[in-house]
Amino acid sequence: MVCASCTDHRAPTSEKRGLKAQLTSLKGLLRLALYGLTLTTGLASFAAAGWPFELFVHFRVQYAVLASLLLAAFLLRKEKPAAILSAGLVALQLWPAAGSMMVADASTACSGPQFTIATVNLFFRNERHTEAIRWLDDLSADIVVLQEVTPEWAAALSKLERYAYVRQLVRNDPFGIAVISRWPLTDLQAVDLASDGLPSLAGPVEVDGMPLYLLGMHTHTPLTAASARSRDASLTQGAALLRAAGGDAVAIGDLNLTAFSPMFDDFMSAAGLRDAFEGVGWQPTWLAGFWPLALRIDHVLVSSELCVEQVEAGPDLGSDHRPVVARLRFSQH
């Protein structure tokens, strides 16, 4: 016999159980994200000890965004201890990030010649040669340092019209390097900074009558302890070259580290350089279209007497890297 007036309470109870399960699952995911972020932040705090801890320090911006989202979620859920921990993680990320984005005091007033310098990691498997060549011709920079120059890229670069001087070390792997310039490159030499077979190009270049020491680099990716040591050795020897040269200098290229790394600060301090991106904000150059992994590892670093008038990441040219273009000025004639 069926009771028509009876109410079945099973469906609402089932719905409540389903909602409770979803909320419990969400709470678990939020907690897991919070614990994971706490762990990676803790590992990043040991970055000065080197590999592998330094690998975790490069993602400060991503950590800050995730911590902010967790803070908002825990505030909405009125989970005070978790919200406090999230707020602390936000502060821990923003403090070092803010330092790298502050505008440095302008100690030099520049009235000398202006020049444009750029770095482009072409990506050795990139086939968008025509697009990159057109962009380089339109850019009309004074000096461009190119990484991952293969025989195919060398053939494409030979079609450039605006750069009269070329110094290149062509390879079939990702470590070919070249400099193209409006100015003679007679004294630019190949150097193996870490004695690991990876070439850099270094030497004096006269730009519009002004002497400039140029160091174009592409270091190892620090995914293993050995490759991290190689990268750091390149930075150490590169800094020594720059210090010995004295005068106006630029170190430029794919350094495979971010401004959040203590190794980056050590290099700039030893070389007597500063970051051209100071005060500009976060502009990723590697995997720029994929936010979770996007980093700025392509750099223009300049000596204190050079003025940075503009610096920016360039367009997508088919590489996993974006170019960096800087307009600089000598302090005086």
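The values are calculated or read from the model by the stated rules, or taken from the named source; none is laboratory data. Quick caveat, the model's predicted, so the values are computed rather than measured. Here the Cβ positions follow ideal geometry from the backbone for every residue, glycine too, while neighbour counts run over all protein chains shown. Please note that ligands, DNA and RNA were not included when accessible areas were found on the heavy atoms of the full protein model with its side chains. Shrake-Rupley method; radii C 1.70, N 1.55, O 1.52, S 1.80 Å.
Return the pairs, sorted by first residue and then second, in which the second residue is hydroxyl-bearing (Ser, Thr, Tyr) and at pLDDT 95 or above, the first residue lies in segment 285-305 and is in a strand (DSSP E or B), the beta carbons are less than 7 Å apart, and the residues are 6+ apart or on different chains.
Between residues of segment 285-305 that are in a strand (DSSP E or B) and residues that are hydroxyl-bearing (Ser, Thr, Tyr) and at pLDDT 95 or above, the close pairs are 295/258; 298/119; 298/285; 300/119.
Mind telling me which of the residues 328, 301 ends up being over 20 Å from residue 64 (Cβ atoms) and out of contact with any helix residue (DSSP H, G or I) (no Cβ under 8 Å at 6 or more places or on another chain)? Don't jump to the end; show me each part of the working.
Numbers: 301 fails: out of contact with any helix residue (DSSP H, G or I) (no Cβ under 8 Å at 6 or more places or on another chain).
Going through 328, 301 in turn, the sole match is 328.
Within the group 141, 155, 132, which residue is of a type in the set (Gly, Ala, Ser), surrounded by fewer than 17 Cβ atoms within 10 Å (Cβ to Cβ) and at pLDDT 95 or above? Lay out the reasoning, then the answer.
On the way: 141 fails: surrounded by fewer than 17 Cβ atoms within 10 Å (Cβ to Cβ); 132 fails: surrounded by fewer than 17 Cβ atoms within 10 Å (Cβ to Cβ).
Within the list 141, 155, 132, the selection yields 155.
For segment 238-252, check the following and say yes or no: at least one residue is open to solvent by 50 Å² or more (accessible area, probe 1.4 Å) and under 23 Å from the mean Cα position of the chain (by Cα).
yes
Each row is one residue, and each column tells you yes or no for (1) modelled with pLDDT under 95; (2) of a type outside the set (A, V, I, L, M, F, W, C); (3) buried (at least 18 other Cβ atoms within 10 Å of the Cβ).
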site: 194; (1), (2), (3): no, no, yes
site: 197; (1), (2), (3): yes, yes, no
site: 200; (1), (2), (3): no, yes, yes
site: 206; (1), (2), (3): no, yes, no
site: 213; (1), (2), (3): no, yes, yes
site: 218; (1), (2), (3): no, yes, yes
site: 221; (1), (2), (3): no, yes, no
site: 226; (1), (2), (3): no, no, no
site: 234; (1), (2), (3): no, yes, yes
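On the given criteria, is residue 148 of a type in the set (Asp, Glu), in contact with a strand residue (DSSP E or B) (Cβ under 7 Å, 6 or more places away or on another chain) and either open to solvent by less than 30 Å² (accessible area, probe 1.4 Å) or in contact (Cβ under 8 Å) with a residue 12 or more places away in the chain (or both)?
Answer is yes for this residue.
Mind telling me which of the residues 75, 34, 29, 71 ends up being in a helix (DSSP H, G or I) and modelled with pLDDT under 95?
29
Just give me the residues in segment 103-120 being touching a Ser or Thr at 6+ places or on another chain (Cβ under 6 Å) and either modelled with pLDDT of 90 or more or open to solvent by 50 Å² or more (accessible area, probe 1.4 Å) (or both), in sequence order. Reasoning before the result, please.
Taking segment 103-120 as the starting set, the residues that turn out to be touching a Ser or Thr at 6+ places or on another chain (Cβ under 6 Å) are 108, 110, 112.
Passing the criteria: 110, 112.
Run residue 240 past the list (1) over 27 Å from residue 168 (Cβ atoms); (2) free of Cβ contacts under 8 Å to residues at least 40 places away in the same chain; (3) among the small types (Gly, Ala, Ser) and report the number of the one that doesn't hold.
Here residue 240 clears every test but (1).
State which residue is surrounded by the fewest Cβ atoms within 10 Å (Cβ to Cβ) when the search covers only segment 161-170 and only residues that are more than 18 Å from residue 115 (Cβ to Cβ) and in contact (Cβ under 8 Å) with a residue 24 or more places away in the chain.
Result: 161.
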